Amino acid sequence: MTALKKITQEELIAKIRDLDTSDDEIAKYFIVDENSDAFSPQVIPNPKMIEDNGMEGAFALNVFNKLARGRRNRKYRRRIRHWDGVRIVAEGDSWFQYPLILKDTIDQLADTDNFQYAIYGLSEAGDLLSNIIREDEISEAIDRENPDVFLISGGGNAMVGDGRAATLVHKFSANRKPENYPNDNFDVFLEELERLYRGLFSRLLANRPHLKIICHGYDNVIPQNGPWLGKPLGKQDITNKTLQRKIVAEMIRRFNTVISKLAVAFPKSVYHVDLQNTVGTASKWHDELHPKNEGYLKVAQKFDRVIRQALSESSPSPAIELSAIKDLTLKKQSGPSVKLAQVKKLDNHAFLKLVVKRAEMAMGKEVAEPKTEFERKLLEKDISDHFEKVHKEANFLPSSFLENGVHRAQSVCRMVTNTSYASGFLIASRNFIMTNNHVLPDIQTARESIAEFDYDEDDILYPVTLDPDRFFMTDQALDFTIVACDPSPLPDEIDAIPLLRDPDTITRNERANIIQHPRGRKKEISLHDNKISYVYDLTIRYSTDTEGGSSGSPVFNDQWNLVALHHAGWGNSDGTASNEGIRIKAIVDHINAQSKNEPSDILASLVAEICSVDDAKNANVGLRLPVSKAPGHQTSKVKGRSLTLNIDNSIDQITIKIG
């Protein structure tokens, strides 16, 4: 074979930047820095292959390792320009990111000659699992890349990095069996491993219940008198090579057992790749901790089988997932504890219909039905981009957006019961108020409660009495109550919010806007960073700021159509929060069923007011300019002022106090 000629450092950098230069060719110009840690390997140019032209030491080390990490994701960006296959985000240690010298697990999976994946990599050799989980990089990448699968590799560095293996085993004893060498410190390590992984899985699945997460527990690495296994074990007088291998195999077995049991706690969401006995004999290993390229290919093949299995299985309903999350606690929004609705995901056909209809509503024209999942995701992005032109891409909210929001806000009231504050709103006509079942669970509670309208900055209230003896409908499973009221104290300009029968008024990645009385405070509107994370048959999930008192708030899309009834929120293990609202479609379906089973004149009048989005638009229902109140509680219309609100990209959320 012809020997490679010596090149300059600048020529080597050019090769790395050229994505058409093969990884195998580039690898020939590098060696591993002997002073770097095995779980944090650093590469340096091979002095026999590279001319010394001034870039030396730490600077050169940083340059080449940074280029190595960036090269992979530049390939990813090029690939996804015309990609309709599986997308993956990967995070982890040197088993997922061994710079240049080895073709690691992710390099193998990203090789389209053998597999069909586009992989965005966050991995960095040497990362501890605790550091990986504390960073926001994972959530940000998943939100940005919208992957089908998330791969995670972590824990090995915490187990054997920096010679820690010596602290995890007992000293040599002639009568001690290999399985009895791991000590109490190792048990503590495994407990922390389980806690960290569980917290990560809980956080990711709370926001993306249908994400597939795949993890592993390494192969039976082989001690070879190196600084990570052989020498640390030798410090404990464990020098017999066969005994060393058996002890390490026991530690790896227990590591894998913890991961596999944790995966079972998240059925059809988290998967464990068992890599034990995959790579083979010591000759197949690059060092004590990393396989050679052919070994990594075997590892990638096992990952491939599990990825395909995961993608073939439908995820469970969120109710099942949430029950498996120890650290998930519901925030009490108002009154007694709230149960999450028992929901299930929409089947593929139903969700596809939702996306197509929403696209047609948004764009005002027929839309071809997507033929692949990739085409559907592109269509969802088109929907999100279409609506965000109103308030994000140009970084402006037009005056009509705020004016219509303020008008909608007039229909929202503070619910005052004997035990709590909550929120509610006029629906369909001015004769009905909607809130949660856990706010008004029965007729007696409704009799003793009152609705206060226009509780905002001017401190003028319009108290409205409830009339549950005239009409009262509630459902605990859907957590809604509709009660009759006496609207006579209200100014004529306060309209009811149209009750829509259209199920397709919002989909994933659009924005939700919530008008509420958090903790009974004066009325507030939460805007902007309230992204819909998922649409289920009965509920939607979104991020926003809510507090006790927010229960019973209306949830709107960016056209101020009513899409959900807010009812619950919960804290995640990482300190973030998620929220859930009951889809208006589910409530309307319940109302229609009741009208057939238990017909009455007043129920018929409510059903008659249910309309489509187009009916509401054509009748100009519910969206007008703001009004101001004249003295003596009289109101008169005023001409809307031109208002433009600039939103800086750094702002996550806006809360507007109505006044």
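Okay, here's what the table says:
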item	result
Pair residue 360, residue 264: separation of 7 Å Cα→Cβ label points (nm)	4.8
Relative contact order of segment 98-159, defined on C-alpha pairs under 8 angstrom at six or more residues apart (%)	28
Accessible area per residue, Å², segment 126-192 with all protein chains present, probe 1.4 Å	46
Label-point separation in nm, residue 253 to residue 77, each point 7 Å along Cα→Cβ	4.8
Farthest toward positive dipole pole in segment 405-513 [+1 Lys/Arg, -1 Asp/Glu at C-beta], among 405, 461, 427	427
Vicinal HN-Hα couplings computed from phi for segment 243-257 (Karplus, 6.51 cos²θ - 1.76 cosθ + 1.60; Hz; Gly/Pro x)	5, 4, 5, 5, 5, 5, 4, 5, 5, 5, 4, 5, 4, 5, 4
Computed lengthening from residue 493 to residue 608, 0.36 nm per intervening residue step minus Cα-Cα distance	39.2 nm
Cα Rg over Rh - segment 171-305, Kirkwood	1.02
For segment 218-258, the spread of Cα positions along each principal axis, largest first, Å	27, 15, 14
Extension gain, residue 31 back to residue 131 (0.36 nm per residue minus Cα-Cα distance, nm)	33.3 nm
Label point distance in nm, residue 111-residue 192, each placed 7 Å from Cα along Cα→Cβ	3.6
Gained length - residue 231 relative to residue 311, 0.36 nm times residue gap less alpha-carbon distance	24.6 nm
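The values are calculated or read from the model by the stated rules, or taken from the named source; none is laboratory data. Given the structure is predicted, the values throughout are model-derived calculations rather than measurements. Cβ atoms come from the backbone with ideal geometry, glycine included; neighbour counts cover every protein chain shown. Surface areas here come from the heavy atoms of the whole protein model, side chains and all, with no ligands, DNA or RNA. Shrake-Rupley method; radii C 1.70, N 1.55, O 1.52, S 1.80 Å.
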